[in-house]
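Inspection log for the structure reproduced underneath, given as structure tokens.
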Amino acid sequence: MILFTIIGSFWLEVVLKIGVLRRVKRLVLSILPVSVFFLAWDAYAIAQGHWYFDKEQILGIFGPFDIPLEEFLFFTFIPIAAVMTIEAVRTVKKHWPVGDE
């Protein structure tokens, strides 16, 4: 699913020239706080036994706090795709300021 998300949104960077990947600092500041929060939530939920990841549906590569690689990728690429989508809409709409310019 992550691969489909990448394919489905990263073309916007090339075709519409939205420039999201050129503004790395802005992108990191946009997604890092939320990703850290949800990864911490994952770590807590895993440690408490509230949820787990089916070992037959993941690669088996784990990062800190026993969080699977796919979860780290999810909290990286899904927000990037969301930012790309909103920037693509702004590009097509032309005059849709968000207040950070």
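Just the residues that are in contact with a helix residue (DSSP H, G or I) (Cβ under 6 Å, 6 or more places away or on another chain) and more than 28 Å from Arg22 (Cα to Cα), please, taken from the range 60-91.
Answer for the range 60-91, where residues must be in contact with a helix residue (DSSP H, G or I) (Cβ under 6 Å, 6 or more places away or on another chain) and more than 28 Å from Arg22 (Cα to Cα): Ile61, Phe65, Asp66, Ile67.
Against the condition farther than 24 Å from Ile67 by Cα, in a loop (DSSP other than H, G, I, E, B) and at pLDDT 90 or above, how does Arg26 come out, does it pass?
For Arg26, the condition - farther than 24 Å from Ile67 by Cα, in a loop (DSSP other than H, G, I, E, B) and at pLDDT 90 or above - is not met.
Under 8 Å between Cβ atoms, which residue pairs at least 6 apart in sequence (or on different chains) link something in the range 25-44 that is under 18 Å from Val83 (Cβ atoms) with a partner that is acidic (Asp, Glu) and outside any helix (DSSP H, G or I)?
Pairs found: none.
For a quick check of your reading of the model, give me the residue pairs whose first member lies in the range 67-79 and is closer than 22 Å to Gly49 by Cα and in contact (Cβ under 8 Å) with a residue 12 or more places away in the chain, whose second is among the acidic types (Asp, Glu) and in a helix (DSSP H, G or I), with beta-carbon atoms closer than 8 Å and at least 6 apart or on different chains.
Ile67/Asp42; Glu71/Asp42
I need a count of the residues in the range 1-23 that are in a helix (DSSP H, G or I) and farther than 16 Å from Phe74 by Cβ.
5
Out of (1) assigned to a helix (DSSP H, G or I); (2) under 21 Å from Ile7 (Cβ atoms), what's the single condition that is false for Phe65?
Every listed condition holds for Phe65 apart from (2).
Hey, any hits in the range 34-44 for a residue that's over 18 Å from Thr91 (Cα atoms), of a type in the set (Asp, Glu) and under 18 Å from the mean Cα position of the chain (by Cα)?
yes
The values are calculated or read from the model by the stated rules, or taken from the named source; none is laboratory data. Given the structure is predicted, the values throughout are model-derived calculations rather than measurements. Every residue, glycine among them, receives a Cβ derived from its backbone with ideal geometry; neighbour counts consider all protein chains shown.
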